[in-house]
Amino acid sequence: MKPILLFLLALSGSAHSYLGVGVAEVASEEHGVEIKFIADNSPAAKAGLKADDVILELNGQRIEGISQFTRLIAESPAGRKVNFLILRANARLNIMAVLEPRSGVPFPLPPIPPMPSIVMPDLPRASMSWRNGMLGIETEALNTQLAEYFGVKGGILVRMVTRQSPAEKAGMKAGDIIIKADGKPVSATRDVTGLLPSRKSITLGIVRNHKDVTLEVNLDGS
């Protein structure tokens with residue numbers, strides 16, 4: 001019989017009684033609950049109950065499921081003898097167990113197999129980039145690590161330069177860091193794009209290979 005729901009009955013009884021089994025619902029038309037685990041030295045183990053036994057009756061009462069079985073055990077005081085009708089290997093057997101007082105020791109759960117280690121694949125880092133058609137460049141804001149790598153305190157990174165664009169004609173290359181526009185410090189793309197509508201040309205200060213370079217970009221296409 002295959003369990004359809006594993007339910008570890010931590011104490012298998014009330015705060016005053018203890019049986020020591022883990023049970024599951026059964027998937028067949030047969031009533032009862034299936035024992036999936038027996039705690040060592042528990043009343044269930046001493047009585048001879050075994051994993052895969054199906055408990056059909058308790059003290060003559062038909063077992064319909066886990067909740068009813070749990071309630072019946074909980075209602076039985078410690079020291080009470082309980083008789084189980086079980087199904088084992090297609091044979092019906094009667095087994096008597098004596099519920100014991102709860103010792104306060106946690107119910108030992110069955111061993112849990114170690115989880116396999118999971119290696120997360122490298123994922124592309126999302127970045128915010130901006131493309132400006134007038135200059136013909138795509139830029140990205142610098143984070144602290146990039147700024148340290150390029151040896152600058154601020155600016156924007158040129159990710160791509162469009163062919164035959166004003167930026168390429170002026171000599172700009174991918175990897176350049178724009179740090180000034182018309183002599184003013186650049187900390188965001190808007191510091192450059194805000195100047196373009198009123199200019200026919202713009203002077204950009206860049207850092208390339210840790211060296212300062214000045215580029216004159218003609219915006220009229222010449």
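The values are calculated or read from the model by the stated rules, or taken from the named source; none is laboratory data. Remember, predicted model here, so these are calculated numbers, not experimental data. Every residue, glycine as well, gets a Cβ built from its backbone with ideal geometry; the counts of neighbours run over all protein chains shown.
The criterion of being free of Cβ contacts under 8 Å to residues at least 40 places away in the same chain, more than 40 Å from the chain's Cα centre (by Cα) and crowded, with 18+ Cβ neighbours inside 10 Å does not hold for Ile156. Selection of segment 175-192 for residues being of a type in the set (S, T, N, Q) and either outside the structural domain of Arg159 (by TED's automatic domain parsing) or under 16 Å from Val161 (Cβ atoms) (or both) yields only Thr189.
Candidates are the residues of segment 137-153 that are touching a strand residue (DSSP E or B) at 6+ places or on another chain (Cβ under 9 Å) and over 15 Å from Val207 (Cα atoms); the one that is surrounded by the most Cβ atoms within 10 Å (Cβ to Cβ) is Ile137. When restricted to residues that are within 17 Å of Met134 (Cα to Cα), more than 41 Å from the chain's Cα centre (by Cα) and acidic (Asp, Glu), segment 169-222 contains 3.
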